[in-house]
């Protein structure tokens, strides 16, 4: 694997790794405190070094000046015997002061004598002129150079090498103490940072968990809000957002009971545009109650509403089963549309089967309520091109279908008796096999110039009958499983089950 591929793989691995906030804060605080302690320690160490250097310089000056006073008279004479005396004095000085590692004595003529451990980095070199002022040279060890004068006459120089062990020991103790303090401070700061970050991350984790529940559709989720800071503000805004989402979902559900559910979902969706009117092939089903005027006159209003709602509930389930949707309720009548808004190639057949299933449902309700008045519905079906669009005023619109196809379907309900499904011969031709057309002759339809050959729809195919019975059973019992299959496929499955 090449280096760029390796770096890319490492970057992807880091991107997928989860690094909690509390650990990030703890690492950040630990590194920051460590750097701060390191910088402060270096500053303090340098200050201690300068202070020790000044102290050492003062001590060295006193000792070397005393040594120079003892040997300057002998260095002035510079005779062999005098140089021997200098050797004795210097040797004794070195033995008395344990911190002295080595001494160099340089005479005025440039002769250089070394005593003890002078080392390679000697302060004085043979034949070179020493500096005129006393100074301290810092290296691994310390050299203090002092010119020696007698009665204002320069007689030579003395360089004393002092051991740096004292400073190294002092520095080691300082570093050890600083390291101990740094560890304690970093540990305490990390614990404090972890504790603070944990308290900060818990509301964020609760917020993330609540957001996950909301994404799953649970709009009852709320998070507790504590304190008065940015996190509490975020919690309050989240709760307000969820309340608005719950309210929006409630509005969608409520509007879906009164309007086209797909239209409601589209209008509530983001970046949705207003529906545009267009022409479309549809099948329209009308069903109205037989003798509603007489029934409403002799029946309490509450019972009238109860009867209509019971029938309309079953009709709605049957229509939905066959892929249509209830466009509107008009008093005692219901209007359903197929092939809109959901595309359905067999919309004419499904509308016809829905109409016949609705008459079967009415018969079953009458059998269940044998003591009450018989309630029958007439069903009219028609197909054709209709205009789908917004109808009404700007302040109050209705998204529906209009046109001759709708008007003819409405008129068909007046041509049949209760429990019958009436349709035109042209519509019957689009249904397919399994049904028969019982003609009732040419009928003049208001608004249509030519008479229309109309008739009653009769089911002959067993599979279709079983399928309609299943739709009715499903409408009465919602515990039955509704398979996402076409009506014919479901009928074949049920028919095969019955035969078995």
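The values are calculated or read from the model by the stated rules, or taken from the named source; none is laboratory data. What you are looking at is a predicted structure, and each value in this text was computed from that prediction instead of being measured. Positions of Cβ are generated from backbone atoms using ideal geometry, with glycine treated the same way; all protein chains shown enter the neighbour counts.
Listed conditions (1) at pLDDT below 90; (2) within 30 Å of residue 429 (Cβ to Cβ) are all met by residue 335, apart from (1). Count of region 390-409 residues, restricted to those that are assigned to a loop (DSSP other than H, G, I, E, B) and in contact with a strand residue (DSSP E or B) (Cβ under 9 Å, 6 or more places away or on another chain), is 1. State all residues of region 227-252 that are over 21 Å from the mean Cα position of the chain (by Cα) and in a helix (DSSP H, G or I); if no residue qualifies, say none. Of everything in region 227-252, those that are over 21 Å from the mean Cα position of the chain (by Cα) and in a helix (DSSP H, G or I) turn out to be 247, 248, 249, 250, 251, 252. Please verify whether residue 471 is touching a residue at least 40 places away in the same chain (Cβ under 8 Å), under 51 Å from the mean Cα position of the chain (by Cα) and assigned by TED's automatic domain parsing to the domain that holds residue 335, treating the condition exactly as stated. Spelling it out, residue 471 is indeed touching a residue at least 40 places away in the same chain (Cβ under 8 Å), under 51 Å from the mean Cα position of the chain (by Cα) and assigned by TED's automatic domain parsing to the domain that holds residue 335. Of the residues in region 47-67, at least one is in the same structural domain as residue 155 (by TED's automatic domain parsing), surrounded by fewer than 18 Cβ atoms within 10 Å (Cβ to Cβ), modelled with pLDDT of 85 or more and closer than 30 Å to residue 180 by Cβ. The set of residues in region 431-447 that are closer than 16 Å to residue 459 by Cβ and not in a strand (DSSP E or B) comprises 431, 432, 433, 434. Residues that are touching a helix residue (DSSP H, G or I) at 6+ places or on another chain (Cβ under 9 Å) and surrounded by 14 or more Cβ atoms within 10 Å (Cβ to Cβ) were ranked within region 79-88; the one that is nearest to residue 168 (Cα to Cα) is 86. Going residue by residue through region 443-457, is there one that turns out to be within 18 Å of residue 324 (Cβ to Cβ), in the same structural domain as residue 380 (by TED's automatic domain parsing) and either surrounded by fewer than 20 Cβ atoms within 10 Å (Cβ to Cβ) or at pLDDT below 90 (or both)? The answer is no; no qualifying residue exists. Only one of the numbered conditions (1) touching a helix residue (DSSP H, G or I) at 6+ places or on another chain (Cβ under 7 Å); (2) at pLDDT 90 or above; (3) within 18 Å of residue 336 (Cα to Cα) is violated by residue 435, and that is (3). Taken over region 290-334, the residue count meeting the criterion of being more than 53 Å from the chain's Cα centre (by Cα), exposed (fewer than 14 other Cβ atoms within 10 Å of the Cβ) and assigned to a helix (DSSP H, G or I) is 4. Selection of region 206-240 for residues being closer than 19 Å to residue 22 by Cβ and surrounded by fewer than 14 Cβ atoms within 10 Å (Cβ to Cβ) yields 208, 209, 226, 227, 229, 230.
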